[in-house]
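First the structure, in the form of structure tokens, and then the observations on it.
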Amino acid sequence: MKIADILDAKGRTVHTALPWITVAEAVARLNRHRIGALLACDADRKICGILSERDIMRGLGRYGSELLDMKIDDVMTHHPATVSPEETVAQAMAQMTRGRYRHLPVVDQGAVVGIVSIGDLVKHRVKEMELETGVLRDAVIARY
């Protein structure tokens with residue numbers, strides 16, 4: 001299964017923010033949309049970073065309540081790893097595991113076409129495994 005298959009199932013909506021909005025505004029957006037990360041893009045929609053819940057927690061530990069008035073550019077992860085829609089779920093999972101991050105922007109020919117979370121990948125991998133189990137069970141039953 002490829003990343004494009006996951007995007008086809010979940011949708012290609014990507015919540016973005018300009019890097020100079022405040023962390024407080026970003027937190028409000030994360031809460032409003034019930035998501036775990038915002039992609040920071042410049043005016044030309046080029047990725048310049050990603051702000052995740054983890055970045056916010058680290059920022060709180062470092063800056064305390066002052067964090068809420070800071071720009072997301074001050075605490076976001078700059079130059080995030082990306083994935084192609086043609087990569088497999090297994091490749092993306094391995095990349096996320098190595099990098100220890102939970103969200104991957106999906107980029108096709110320089111344009112952002114979606115974002116996947118580790119939850120999206122696990123959900124689809126579980127469905128894949130259930131299908132494989134069903135096929136194997138049917139094969140065993142058919143033998144007897």
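The values are calculated or read from the model by the stated rules, or taken from the named source; none is laboratory data. What you see is a predicted model, and the numbers here were worked out from it, not measured in a lab. Quick reminder, even Gly has a Cβ in these numbers, built from the backbone with ideal geometry, and neighbours come from all protein chains shown.
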- Item | Test result for S52, loosely packed, with under 14 Cβ neighbours inside 10 Å and of a type in the set (S, T, Y) | no
- Which numbered condition A28 fails, given (1) in a helix (DSSP H, G or I); (2) modelled with pLDDT under 95: (2)
- Quick one: is R34 under 30 Å from E132 (Cβ atoms), of a type in the set (K, R) and surrounded by fewer than 15 Cβ atoms within 10 Å (Cβ to Cβ)? no
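One line per residue, one yes/no per condition, for (1) surrounded by 12 or more Cβ atoms within 10 Å (Cβ to Cβ); (2) in contact (Cβ under 8 Å) with a residue 24 or more places away in the chain; (3) within 15 Å of the chain's Cα centre (by Cα):
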{"position": "C41", "(1), (2), (3)": "yes, yes, yes"}
{"position": "D44", "(1), (2), (3)": "no, no, no"}
{"position": "D73", "(1), (2), (3)": "yes, yes, no"}
{"position": "V83", "(1), (2), (3)": "yes, yes, yes"}
{"position": "T97", "(1), (2), (3)": "no, no, yes"}
{"position": "V116", "(1), (2), (3)": "yes, yes, yes"}
{"position": "V126", "(1), (2), (3)": "no, no, no"}
- Query: Identify, please: which residue in region 31-52 is in contact with a strand residue (DSSP E or B) (Cβ under 7 Å, 6 or more places away or on another chain) and not in a strand (DSSP E or B) and is, among those, modelled with the highest pLDDT?
  - Reply: G36
